[in-house]
1. Let me check against my output: what whole-number percent is the relative contact order of region 25-158, with C-alpha pairs under 8 Å and at least 6 apart?
2. If each of Arg74 and Thr95 carries a label point 7 Å out from its Cα toward its Cβ, how far apart are those two points in nm?
3. Per-residue counts of other Cβ atoms within 10 Å, averaged by peptide: what ranking do you get for 34-45, 143-154, highest first?
4. With label points built 7 Å along Cα→Cβ from the Cα atoms of Ser47 and Glu108, find their separation and express it in nm.
5. With every protein chain present, what accessible area does Val122 have (1.4 Å probe, heavy atoms only), rounded to the nearest 10 Å²?
Amino acid sequence: MTTLTPRKPAVPQPGGSIPAEARPAQDPGWRELVDAVREAGQYPTRSEAESVTRVVLSALGGHVVGDERVDLARALPEEAARVVASQIPATRPLTAAEFVESVAARIEGATPATARWDVSSVLSVLPPLVGDELVTRVLAQLPPGYALLFGRAELTPA
């Protein structure tokens, strides 16, 4: 059993996502996604799980491009698709460790370890939702190291 250390709820930093009170009513698919993240990450509140989900999907949205980005947005619930599709593509690909660090910078009080937990909590619930084939395509365009964040083993040729 994993024990989580209490910390402040995830609060997007400037340039992050829209505050909850400014967003329209959410669709059932979004609620199911957030609930899956809450369960996977063992977050104490739905609000914290939602905030983490927005931050991680926002970060991911800047690193997935082309047909994979379009297909990912189509496969996600409407609110999640909006978060992914609204991001400006990154100017350079981040390694998995840099990606986690970029998420840590967007969450108040986060450390690299807690951000890795947050990233994995969100990304690991995506394969059953969007399909393994699409996740494989997304991983093919990201630098090595992201597979573990999606809950997959990353095998490399000997």
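1. Averaging sequence separation for qualifying contacts and normalising by length gives 27 percent for region 25-158.
2. Using points 7 Å along Cα→Cβ, the separation is 3.5 nm.
3. Numbers: 34-45: 17.8, 143-154: 16.2.
Answer by packing, highest mean first, reads 34-45, 143-154.
4. Here the answer is 1.1 nm between the modelled labels.
5. 0
The values are calculated or read from the model by the stated rules, or taken from the named source; none is laboratory data. Given the structure is predicted, the values throughout are model-derived calculations rather than measurements. All Cβ positions, glycine included, derive from the backbone under ideal geometry; neighbour counts span all protein chains shown. Calculation scope for accessible area: heavy atoms of the full protein, side chains included, ligands and nucleic acids excluded. Shrake-Rupley method; radii C 1.70, N 1.55, O 1.52, S 1.80 Å.
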